[in-house]
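The structure appears right after this line, and notes come after that.
The values are calculated or read from the model by the stated rules, or taken from the named source; none is laboratory data. Predicted model, so just to flag it, every value in this text is computed and none were measured. Glycine gets a Cβ as well: all are built from the backbone with ideal geometry, and neighbour counts include every protein chain shown.
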Amino acid sequence: MVFEPRSSRSLLQRRSSVSNAIQAGLDGIAVTGVAWYLIYDQIGYITSDYVIMLLLLIGALAVIYDHYAIYRTNVGLSIKAFRLFKAWSATFCFLVVLAFLTKQSETYSRLLVGQLFVIGYVVQLFLHYAVREVQKRFTAHARLDNALIIGAGDLANFLYQKISNNPWFGERVVGCVLIDEMMEQGKEINDNKQRLPVLGHVDELDELVARHGIRTVYLVTPLGGSEVINEVYLKLLDKCIAVNWVPDIFSLRLINHSVREIAGIPVLTLSETPLTGMSLFLKNLEDRVLAALILLCASPVLLAVALAIKLDSPGPVFFRQERTGWTGESFRIWKFRSMHVHQPEQGVVKQAQKNDPRLTRIGAFIRRTSLDELPQLFNVLTGEMSLVGPRPHALQHDSLYSQDIVDYFARHNIKPGMTGLAQVRGFRGETRDIEQMIQRVDSDIEYINNWSLWLDFVILVRTLNAFTGKQAY
């Protein structure tokens, strides 16, 4: 039997709004106007090259702003300003890279492009603030539709607060009703004086909908609540009420979660690597270009360290060890040897400790300054590692920690890195107890969920300080 959707209309639809369309239009007009003014002010007339630049700029804005959800999310002004800055910067980075690749960079005035970047961002930020204020004044006098949440718990409270803190949302949540298995949880809500008021039980739904004039319902149910959804949906179907389903998936450890569609069918992705398509291309480009530049600049240091290791103690210059990489595949990591040649005691791989007697004289220095990590640039060039990502552990340590940390292997949903979010937060070096490793894993998963080229840049800058700190030994 072949499944076919009952409707030709895609189930996954984007909501459009007049305010978002107005905001996008204003941004486009503002950017075009600023560029036009700067061109006439500095050049006196507009050339075909600048027309092409302007068309590319507007086209890139549409794609990149959509990627950063500039018009699809209602957030605070400070967060919106930061997102707008990232999207605007990404747009200009695209244009600059394109200009260099096509050897057209000398065609354009650097002063003009710099002024367009600064003035264009300021004008857009002002327009976003103005539109937001107009929305607030308009919705302050508009009639709000009453909404009801079916379910309870952290997700229901979170949803309630988000709707309540967005006056332009056009809804007012009057409270929630409880499902059977949530009765005890509902009592806790009342006892702890949470903001979300409990109006009753799902059996009283018909009466509560009529009494409060409910126009919208949000079904906040656990993963196993399909029977409740079916029963409640049939009850509300004849009441001309908007019904929304909010599955409570947040009790799981989500890895780069998203919503997409396959042939019009909505698919909720709970766990996925962020390195797909263009993201993978950009990450690889970033890694290989920067790794090659660092190797070129650091080659004298690499040669000096290699010579010092060879003269200091007998044994190879490099240390090779199996590590777990992206998607769980193993690879051999490159490091400068910092210890005397030895065999693991009883086959147990022991982490390096402070004042470790196994360290050589040169080894203590290169570990303290993190110079022992430099050969991993070769792992980056071959694609086995990235400059930024979760630090790869010895296979034995992976096996050990995965027994106590349920989602330990989720950190392998992205390439391992020479440095990472955990390291710049100080979670590096020896892990004396399981709590330290949990903090490291939490940071690694946070990095995966929030990965971007900008985050990589921030971590690389912070690494300059972190890798010569107290935890470096």
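Side notes on the structure shown:
Conditions (1) more than 26 Å from the chain's Cα centre (by Cα); (2) at pLDDT 85 or above; (3) not polar (S, T, N, Q), marked per residue:
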position	(1), (2), (3)
Val2	yes, no, yes
Arg15	no, no, yes
Val18	yes, no, yes
Gly33	yes, yes, yes
Gln42	yes, yes, no
Ile52	yes, yes, yes
Tyr65	no, yes, yes
Arg72	no, no, yes
Val96	no, yes, yes
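- The single condition among (1) in contact (Cβ under 8 Å) with a residue 60 or more places away in the chain; (2) of a type in the set (Asp, Glu); (3) in contact with a strand residue (DSSP E or B) (Cβ under 7 Å, 6 or more places away or on another chain) that Asp407 does not satisfy is (3).
- Top-ranked residue in the range 361-410 [being in a loop (DSSP other than H, G, I, E, B) and either of a type in the set (A, V, I, L, M) or in contact with a Cys (Cβ under 9 Å, 6 or more places away or on another chain) (or both); ranked as surrounded by the most Cβ atoms within 10 Å (Cβ to Cβ)]: Met385
- Pairing residues of the range 230-257 that are in contact (Cβ under 8 Å) with a residue 24 or more places away in the chain and in a helix (DSSP H, G or I) with residues that are surrounded by fewer than 13 Cβ atoms within 10 Å (Cβ to Cβ) and of a type outside the set (A, V, I, L, M), at Cβ distances under 7 Å and at least 6 apart in sequence or on separate chains, gives Lys235/Asp206.
- The set of residues in the range 164-195 being β-branched (Val, Ile, Thr) and modelled with pLDDT of 85 or more consists of Val173, Val174, Val177.
- Pick from the range 217-228, criterion at pLDDT below 80 and within 13 Å of Val202 (Cβ to Cβ), ranking: surrounded by the most Cβ atoms within 10 Å (Cβ to Cβ): Gly225
- The listed residue being in contact with a Pro (Cβ under 9 Å, 6 or more places away or on another chain) and more than 20 Å from Thr73 (Cα to Cα), out of Gly114, Gly153, Gly120: Gly153
- Any chance Thr327 is loosely packed, with under 15 Cβ neighbours inside 10 Å, within 29 Å of Leu280 (Cα to Cα) and modelled with pLDDT under 90: yes
- Candidate set: the range 39-98, residues that are surrounded by 14 or more Cβ atoms within 10 Å (Cβ to Cβ) and basic (Lys, Arg); chosen: the one nearest to Lys162 (Cα to Cα): Lys80
- Residue selected from the range 236-266 under the condition β-branched (Val, Ile, Thr) and exposed (fewer than 11 other Cβ atoms within 10 Å of the Cβ), by the criterion modelled with the lowest pLDDT: Ile262
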